[in-house]
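The values are calculated or read from the model by the stated rules, or taken from the named source; none is laboratory data. Worth saying up front: this structure is predicted, and the values here are computed from it rather than measured. We place every Cβ from the backbone using ideal geometry, glycine too, and count neighbours over all the protein chains shown. Accessible surface areas use protein heavy atoms only, side chains included; no ligands, DNA or RNA. Shrake-Rupley method; radii C 1.70, N 1.55, O 1.52, S 1.80 Å.
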Amino acid sequence: MKKFISLIVLIVLFNCNNKSLNEELDNLRSENYELKKEVDKAIADSKRQITTFLTFQNKDAEQAMNFYVSIFKNSKITEVRRHGKESPAPEGSILMARFELNGSQYACSDSYIKHEWNFTPGVSNFVDCASNEELESLFTKLSENGKVLMPLADYGFSKKFGFIEDQFGVSWQLNLDE
């Protein structure tokens with residue numbers, strides 16, 4: 001009889017512990033589900049942000065993207081989709097690519113349609129540089145084979161500022177942020 005009672009006590013204790021474990025497991029599953037929903041929402045929200053889009057007409061989107069990523073700190077290419085054989089565009093050209101330049105989102109493509117418009121200095125990328133060295137380096141690299149619209153100087157609104165159109169026709173305003 002003692003063995004039977006001991007067995008019943010063990011079963012009751014096991015069921016109580018098992019019930020407690022099951023409740024804890026259910027709580028963890030519920031918490032995990034809620035966290036997953038928050039992560040999915042954050043990912044969806046991040047895809048709805050404003051992104052600068054560059055349309056290249058000379059099949060140089062990839063070259064430009066690689067150039068920009070190479071000269072700006074904390075930059076990377078995040079996605080590249082190419083035109084395939086069935087596309088009206090040249091196979092392998094950039095259908096859509098995404099990249100980051102020091103945390104700012106960009107996208108680009110090679111347009112197979114020749115448009116009457118191209119980039120304009122009226123819309124430009126404004127870069128606050130943390131040091132004179134950074135400013136000078138970016139100015140030199142971005143203006144190579146491009147066009148200097150405003151040379152580096154003190155224009156009153158900034159200690160040092162320059163405005164360039166790079167070799168791809170994209171405009172950059174470089175500002176010393178001191």
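Quick one: count up the residues across the stretch 158-178 that are closer than 30 Å to residue 110 by Cβ and part of a strand (DSSP E or B).
First, pick out the residues of the stretch 158-178 that are closer than 30 Å to residue 110 by Cβ: 162-174.
Remaining after also requiring part of a strand (DSSP E or B): 162-165, 171-174.
Total meeting the criteria: 8.
Identify all residues within the stretch 72-103 that are surrounded by 15 or more Cβ atoms within 10 Å (Cβ to Cβ) and out of contact with any strand residue (DSSP E or B) (no Cβ under 7 Å at 6 or more places or on another chain); write none if there are none. Give the steps one after another, and end with the answer.
Going through the stretch 72-103, the residues surrounded by 15 or more Cβ atoms within 10 Å (Cβ to Cβ) turn out to be 72, 75, 77, 80, 82-83, 89, 93-101.
Of everything in the stretch 72-103, just one residue is surrounded by 15 or more Cβ atoms within 10 Å (Cβ to Cβ) and out of contact with any strand residue (DSSP E or B) (no Cβ under 7 Å at 6 or more places or on another chain), namely 101.
Could you count how many residues in the stretch 158-178 are open to solvent by 30 Å² or more (accessible area, probe 1.4 Å) and under 20 Å from residue 73 (Cβ atoms)?
Result for the stretch 158-178: 4.
Just the residues that are modelled with pLDDT under 95 and open to solvent by 70 Å² or more (accessible area, probe 1.4 Å), please, taken from the stretch 45-57.
47, 48, 49, 50
Please count how many residues of the stretch 111-157 are open to solvent by 40 Å² or more (accessible area, probe 1.4 Å) and part of a helix (DSSP H, G or I).
Number of matching residues: 7.
Checking the conditions here, which among 119, 99 is among the aromatic types (Phe, Trp, Tyr) and under 17 Å from the mean Cα position of the chain (by Cα)?
Selected residue: 99, the only one of 119, 99 that is among the aromatic types (Phe, Trp, Tyr) and under 17 Å from the mean Cα position of the chain (by Cα).
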